[in-house]
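Values quoted throughout were computed directly from the atomic coordinates according to the rules given, and no laboratory measurement underlies them. Predicted, not measured: the structure shown is a model, and the values here were computed from it. Here the Cβ positions follow ideal geometry from the backbone for every residue, glycine too, while neighbour counts run over all protein chains shown.
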Amino acid sequence: MSLVPIAELGRIAEVPTPNIDAVIQLTSTIYCTDFRTQGRCAKNIGLDGMSKEQVAHFFETGEKSI
């Protein structure tokens, strides 16, 4: 689901995404699948634990800062 990475980026950037979160929850309920833990969540795309500055650096350079 493409909305999960958007919500994850919002969480990292401290930007609320209530409508996106609601659609993710509704879709997860309909399909009996936890889309937040499957597919393209922050952990699975390598962004888990990164600050918003680190994510911005990664998007700008393609390199993870330490």
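Quick notes
- When the helices of the chain are scored as -39500 (n - 2.57) per DSSP H run of n ≥ 4 and the total is divided over every residue, the value at 222 nm lands at -15500 deg cm²/dmol.
- The charge dipole of the chain, taken about the Cα centre with unit charges on the Cβ atoms of Lys, Arg (+1) and Asp, Glu (-1), comes to about 140 debye, rounded to the nearest 20.
- Whole-Hz couplings from phi, Karplus 6.51/-1.76/1.60, listed for the range 54-61; x for Gly and Pro: 5, 5, 4, 4, 4, 5, 6, 10
- Selection from P18, C32, I45, by position along the positive dipole direction of the chain (Cβ): C32
- Read-out mean projected area of the Cα convex hull in nm², derived from the coordinates shown; its label in (i) 6.9; (ii) 4.8; (iii) 4.4: (iii)
- Angle between the chain longest axis and helix 3-12 axis [Cα atoms, degrees, rounded to 10]: 50
- Among the GluC sites (Glu not before Pro) in the chain, those located in a DSSP loop and surrounded by at most 11 other Cβ atoms within 10 Å of their own Cβ are E14, E63.
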